[in-house]
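The values are calculated or read from the model by the stated rules, or taken from the named source; none is laboratory data. Keep in mind it's a predicted model, so treat the numbers as computed, not measured. Reconstructed Cβ throughout: ideal geometry from the backbone, glycine too, with neighbour counts over all protein chains shown.
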Amino acid sequence: MATTGFTMGALDGSRGGNAASIHATARALARVEAAVAVVLVEGISDQIALETAAAGRGRDLDAERVVIVPMGGAHAIGHFLTRLAPLGSRVRLAGLCDLLEEELFRRALEATRVGSPRTRADLERLGFHVCVKDLEEELIRALGAAEVEAVLDSQGDLRSFRSFQSQPAWSGRDPEAQLHRYLRSSSRRHQRYIRLLVEAAVDRHALPRPLDALLTAV
């Protein structure tokens, strides 16, 4: 059976936010020496998304020696590329970032001599993929607002979301924007629904292109 590398603590909130991030990063880094591919992502939610998508497609990333490293923020990309440099060409590098961090990734890849990407196509040829605008927006767009609401309903959260929609700051906004903010309003909700929405996207053959392309690359 396919397995995933994230711990239940990262999903259920039993481990604090910073502690969960540090633990997940340390656990991943302990495995990179034996890896054939290392995927650098901004945080735990991206790790959950990729591992959930892989498992949904019947892949066992642990068995394949593909390690996903949550960096604790895109700002750390240069540090991690430098740290992984001694592994050389025997390890394939890949990554995922949000639109706002695209230029940061591009500069870090050039500074560490991994490549000289000038365009997004160049980034993708190096194995690095960009979410527009971020992973949550990609999933909401891929599934559609009605399907995301159906997932909320299945978890007993639709009433809570309707209450959120009625707040003055969000009343009358596009459903997609409302869903985006609602899903990101707490780390525990965020991580739980990232998994659920990716599962729904895999089931409907609607996995967002950055996730699909990244899995194909590794």
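Restrict the check to the range 7-22 and report whether at least one residue is modelled with pLDDT of 80 or more, crowded, with 22+ Cβ neighbours inside 10 Å and closer than 25 Å to SER187 by Cα. Break it down stepwise before answering.
Quick first cut of the range 7-22, residues modelled with pLDDT of 80 or more only: 19, 21-22.
Checking which are crowded, with 22+ Cβ neighbours inside 10 Å leaves us with none.
No, there is no match, as no residue in the range 7-22 is modelled with pLDDT of 80 or more, crowded, with 22+ Cβ neighbours inside 10 Å and closer than 25 Å to SER187 by Cα.
Quickly run through the range 41-55 and pick out the residues that are at pLDDT 95 or above, of a type in the set (Gly, Ala, Ser) and surrounded by fewer than 24 Cβ atoms within 10 Å (Cβ to Cβ).
ALA53, ALA55
Test ASP134 against the criterion of being within 26 Å of VAL198 (Cβ to Cβ), in contact (Cβ under 8 Å) with a residue 24 or more places away in the chain and either of a type in the set (Asp, Glu) or assigned by TED's automatic domain parsing to the domain that holds ALA37 (or both), and give yes or no. Steps first, please.
Numbers: within 26 Å of VAL198 (Cβ to Cβ): yes; in contact (Cβ under 8 Å) with a residue 24 or more places away in the chain: yes; either of a type in the set (Asp, Glu) or assigned by TED's automatic domain parsing to the domain that holds ALA37 (or both): yes.
Considered against the rule, which asks whether it is within 26 Å of VAL198 (Cβ to Cβ), in contact (Cβ under 8 Å) with a residue 24 or more places away in the chain and either of a type in the set (Asp, Glu) or assigned by TED's automatic domain parsing to the domain that holds ALA37 (or both), ASP134 comes out as yes.
Given the options ALA145, ALA108, ALA150, name the one that is closer than 30 Å to ASP203 by Cβ, touching a helix residue (DSSP H, G or I) at 6+ places or on another chain (Cβ under 7 Å) and among the small types (Gly, Ala, Ser).
Matching residue, one of ALA145, ALA108, ALA150: ALA145.
Of the conditions (1) within 25 Å of SER187 (Cα to Cα); (2) without any contact (Cβ under 8 Å) to a residue 60 or more places away in the chain, THR52 clears all except one; give me its number.
With (1) within 25 Å of SER187 (Cα to Cα); (2) without any contact (Cβ under 8 Å) to a residue 60 or more places away in the chain applied to THR52, the lone miss is (2).
Considering only the range 170-189, state which residues are in contact with a His (Cβ under 8 Å, 6 or more places away or on another chain) and either of a type in the set (D, E, K, R) or not assigned by TED's automatic domain parsing to the domain that holds VAL151 (or both). Break it down into steps so the answer makes sense when it comes.
Applying the first criterion (in contact with a His (Cβ under 8 Å, 6 or more places away or on another chain)) to the range 170-189 yields 183-184.
The one that is in contact with a His (Cβ under 8 Å, 6 or more places away or on another chain) and either of a type in the set (D, E, K, R) or not assigned by TED's automatic domain parsing to the domain that holds VAL151 (or both): ARG184.
All but one of (1) over 16 Å from GLU199 (Cα atoms); (2) under 15 Å from the mean Cα position of the chain (by Cα) hold for SER45; state the number of the condition that does not hold.
The single condition SER45 does not satisfy is (1).
Yes or no: LEU126 in contact with a helix residue (DSSP H, G or I) (Cβ under 7 Å, 6 or more places away or on another chain) and either in the same structural domain as GLN47 (by TED's automatic domain parsing) or farther than 24 Å from GLY95 by Cα (or both)? Walk me through how you get there before you give the answer.
Numbers: in contact with a helix residue (DSSP H, G or I) (Cβ under 7 Å, 6 or more places away or on another chain): yes; either in the same structural domain as GLN47 (by TED's automatic domain parsing) or farther than 24 Å from GLY95 by Cα (or both): yes.
Judged against the criteria, LEU126 is a match.
If I go through the range 26-42 residue by residue, how many of them are in a helix (DSSP H, G or I) and either touching a residue at least 40 places away in the same chain (Cβ under 8 Å) or under 10 Å from the mean Cα position of the chain (by Cα) (or both)? Lay out the reasoning, then the answer.
Step one: filter the range 26-42 for residues in a helix (DSSP H, G or I), giving 26-29, 32-34.
Remaining after also requiring either touching a residue at least 40 places away in the same chain (Cβ under 8 Å) or under 10 Å from the mean Cα position of the chain (by Cα) (or both): 28-29, 32-33.
Count: 4.
Can you list the helices (runs of 4 or more DSSP H) lying wholly within the range 116-218 that have 3 or more residues being within 23 Å of GLU101 (Cα to Cα)? Break it down into steps so the answer makes sense when it comes.
Values: elements: 120-125, 135-143, 145-154, 158-165, 175-183, 187-203, 209-217.
The helices (runs of 4 or more DSSP H) meeting that bar are 120-125, 135-143, 175-183, 187-203, 209-217.
Out of everything in the range 52-105 that is in a loop (DSSP other than H, G, I, E, B) and under 14 Å from VAL32 (Cβ atoms), what residue ends up being nearest to the chain's Cα centre (by Cα)?
Selected residue: MET71.
Among (1) surrounded by 12 or more Cβ atoms within 10 Å (Cβ to Cβ); (2) part of a loop (DSSP other than H, G, I, E, B), there is one condition ARG113 misses while meeting the rest; what is its number?
(1)
Does ARG192 satisfy being surrounded by 18 or more Cβ atoms within 10 Å (Cβ to Cβ) and either over 19 Å from GLN47 (Cα atoms) or not assigned by TED's automatic domain parsing to the domain that holds GLU42 (or both)?
Yes, satisfied.
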